[in-house]
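Student: Before I ask anything, let me first share the structure, which is written out below as structure tokens.
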Amino acid sequence: MTNKIIRIGTRDSQLAVWQAVQVQQQLEAKGFTTSLVPLKSEGDIDLVTPLYEMGVQGVFTRTLDAALLSNRFDIAVHSMKDVPTQTAKGIVPVAALERGSYMDIIVPKNGTAFLDDRNSVALIATSSIRRKAQWLHRYPNHSITNLRGNVNTRLRKLSEENWDGAIFAAAGLQRTDLLPPSALSLNWMLPAPAQGAILIVCRDDDHYSYEACKLLNHEPTSICTHIERDFLRTLMGGCSTPISALATIDAEKIKFQGNIFSVDGSEHLDIEFEEALTDESVSMGKRAADTLLAKGAGRIIEQIKKAGH
């Protein structure tokens with residue numbers, strides 16, 4: 001094994017560093033030498049503007065992408081759900097690590113009575129337009145307030161503000177050992193495409209880093225997230241479009257669930273199907289998206305664009 005050091009670029013938040021350390025440990029277990037290079041991203045600096053007003057696609061990744069292309073490090077580690085479906089020119093996806101939890105959770109402030117009644121009134125915090133749309137569909141009388149920042153900041157804000165609860169990705173709180181005992185899984189809420197998965201990218205001319213990181217790829221995660229992101233790409237959606245997708249593999253079968261909502265949750269289209277896992281399964285996401293487009297998903301997308309999201 002060569003002594004070449006693989007420099008690992010990461011955002012400097014607790015969760016991002018945790019993810020980069022997983023990559024570091026797995027590479028070093030295979031005999032590679034590594035170092036961590038933390039950077040602050042735009043998404044971490046601006047903690048006020050709602051994500052869907054920031055151009056969003058790549059808001060947490062473009063700072064790292066620019067530094068990667070400038071050779072400040074050799075690979076970058078991202079939460080895959082933050083990565084645009086079209087990566088920057090000169091950068092290639094290399095490997096998906098085995099996926100963590102894809103679930104969304106609610107952390108209630110003072111009890112959960114507001115969850116038991118569809119007609120209850122409550123104030124819920126989230127910056128995700130996808131979570132907002134699905135929540136308002138289920139609880140049309142609730143109000144949504146913006147919540148930005150890393151998981152530590154968001155938990156602190158929840159404790160300080162007069163909110164009934166805040167929505168998080170389970171994986172983020174689990175990975176940072178910050179999951180409160182009061183947290184409840186939202187089994188009815190479909191996740192963002194690739195939620196809970198970690199992606200490694202590198203420059204397209206860096207064959208050493210590519211071959212090293214390819215060894216870490218978890219094939220079932222790679223297949224499922226590819227399908228979910230194809231669904232998103234075909235619907236031409238981004239973080240500012242309420243599009244959800246989940247593919248799971250069990251006993252040589254693959255199941256896909258996907259949906260698209262209007263921003264206020266009043267309209268939605270969903271799809272669900274299951275088939276044997278074959279080479280053709282990688283097209284499931286596109287096929288599902290094409291089905292929803294034939295059912296009128298384009299009209300919902302146009303409404304979202306006209307509303308400025």
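The values are calculated or read from the model by the stated rules, or taken from the named source; none is laboratory data. Predicted, not measured: the structure shown is a model, and the values here were computed from it. Virtual Cβ from ideal backbone geometry, glycine too; neighbours counted across all protein chains shown.
Student: Of all the residues that make up region 165-192, how many are of a type in the set (Phe, Trp, Tyr) and assigned to a loop (DSSP other than H, G, I, E, B)? I'd like the intermediate steps shown before the answer.
Tutor: First, pick out the residues of region 165-192 that are of a type in the set (Phe, Trp, Tyr): 168, 188.
Next cut, assigned to a loop (DSSP other than H, G, I, E, B) only: 188.
Total meeting the criteria: 1.
Student: Give region 120-164 a look and list any residue that's more than 18 Å from the chain's Cα centre (by Cα), assigned to a helix (DSSP H, G or I) and over 18 Å from Asn110 (Cβ atoms), or say none.
Tutor: Leu136, His137, Arg138, Thr153
Student: I've got another one for you. Does region 217-236 include one or more residues that are among the hydrophobic types (A, V, I, L, M, F, W, C), closer than 30 Å to Arg72 by Cα, modelled with pLDDT under 95 and not assigned by TED's automatic domain parsing to the domain that holds Pro84?
Tutor: no
Student: Hey, another quick one. Considering each of Ala212, Ala171 in turn, give the residue that is surrounded by 22 or more Cβ atoms within 10 Å (Cβ to Cβ), more than 12 Å from the chain's Cα centre (by Cα) and not assigned by TED's automatic domain parsing to the domain that holds Ala294.
Tutor: On the way: Ala171 fails: more than 12 Å from the chain's Cα centre (by Cα).
Matching residue, one of Ala212, Ala171: Ala212.
Student: Considering Ile304, Ile271, which residue is surrounded by 14 or more Cβ atoms within 10 Å (Cβ to Cβ) and part of a helix (DSSP H, G or I)?
Tutor: Values: Ile271 fails: part of a helix (DSSP H, G or I).
Within the list Ile304, Ile271, the selection yields Ile304.
Student: Is one or more of the residues making up region 99-115 small (Gly, Ala, Ser), farther than 20 Å from Pro180 by Cα and modelled with pLDDT under 95? Working first, answer last.
Tutor: Here is the first cut: in region 99-115, the ones small (Gly, Ala, Ser) are 100-101, 111, 113.
Add one more test, that the residue is farther than 20 Å from Pro180 by Cα, and what stays is none.
No.
Student: Then there's this: Please work out which one of (1) more than 26 Å from Asp270 (Cα to Cα); (2) in a helix (DSSP H, G or I) is the condition Asp205 fails and give its number.
Tutor: For Asp205, the exception is condition (2).
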